[in-house]
Amino acid sequence: MVHTFRLSAALLGLLAATACSTPSLVADFAKNDIFYVDVPFQTQAPGDRSVFVAPLADARTAVVLPTHERGFPIAYSGDDFWERPVAQMVGEVLVRQLVTSGLFAQVVDRASPEGLVVKPSLVSFVGGATEAISGSRSFAEVGLRLQVLGPAGVDGKRAVVHEQTYGSRQVSPLEINPVSPYRLVGRSLHLTMAKVLSGLDGSNIARSNVPVDVALPAEASTPSR
């Protein structure tokens with residue numbers, strides 16, 4: 001059976017200590033900057049196309065995760081810790097970051113023929129802790145796939161103009177009391193969003209009459225610390 005990592009007393013203390021500085025103490029990284037802080041990204045060349053962001057799909061596949069490493073147990077963080085479904089929160093963060101980035105002329109609630117359509121899916125979102133002789137280390141990984149469809153043609157069909165998987169894996173140093181995986185997964189999401197915004201900016205898909213740099217489908221980016 002896979003062990004599930006529970007909220008530590010240290011993190012509970014941190015939540016209580018920051019009660020006056022945060023708008024909410026709920027376990028919701030889309031609403032609580034204890035877990036996630038928005039990427040301060042703004043494009044230098046705002047686009048002139050609108051974009052509709054479809055609801056984010058949870059595309060995580062059910063895999064058997066290892067429960068031990070070199071004889072030491074691995075405990076995983078669970079979705080049941082969060083106040084809302086993980087995909088719903090990630091989708092909210094994605095839309096908010098696209099709005100503040102200025103990449104698109106407008107993020108709309110309904111797709112238009114001349115606008116773009118983003119179809120996001122969550123391919124990985126996991127955290128946990130691995131025990132060792134002299135302590136333990138936390139880890140977290142986030143993977144987000146984006147498929148962007150261009151304006152509708154005369155036949156109503158849309159071509160794929162950008163498709164890429166962005167991701168980040170974080171591993172803490174070996175310590176007696178390592179950072180909580182729930183905090184570390186927020187760091188992974190932050191770096192993933194930074195790659196998303198940078199990738200979309202460099203692709204030029206938001207700018208009409210500009211050559212599009214079409215990214216080939218790829219697996220999650222290599223780990224970055």
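Structure summary
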| item | result |
| --- | --- |
| Verdict on residue 99 being more than 21 Å from residue 209 (Cβ to Cβ), surrounded by fewer than 16 Cβ atoms within 10 Å (Cβ to Cβ) and among the hydrophobic types (A, V, I, L, M, F, W, C) | yes |
| Filter result for the condition that a residue is among the charged types (D, E, K, R) and within 20 Å of residue 201 (Cβ to Cβ), over 33, 79, 58, 48 | 48 |
| Checklist (1) surrounded by 15 or more Cβ atoms within 10 Å (Cβ to Cβ); (2) modelled with pLDDT of 90 or more applied to residue 153, failing item | (1) |
| Qualifying residue in segment 62-71 (condition: surrounded by 14 or more Cβ atoms within 10 Å (Cβ to Cβ), closer than 20 Å to residue 167 by Cβ and at pLDDT 75 or above) | no |
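The values are calculated or read from the model by the stated rules, or taken from the named source; none is laboratory data. Please read all numbers here as calculations on a predicted model, not as lab measurements. Cβ sites come from the backbone with ideal geometry, for glycine too, and all protein chains shown count toward neighbours.
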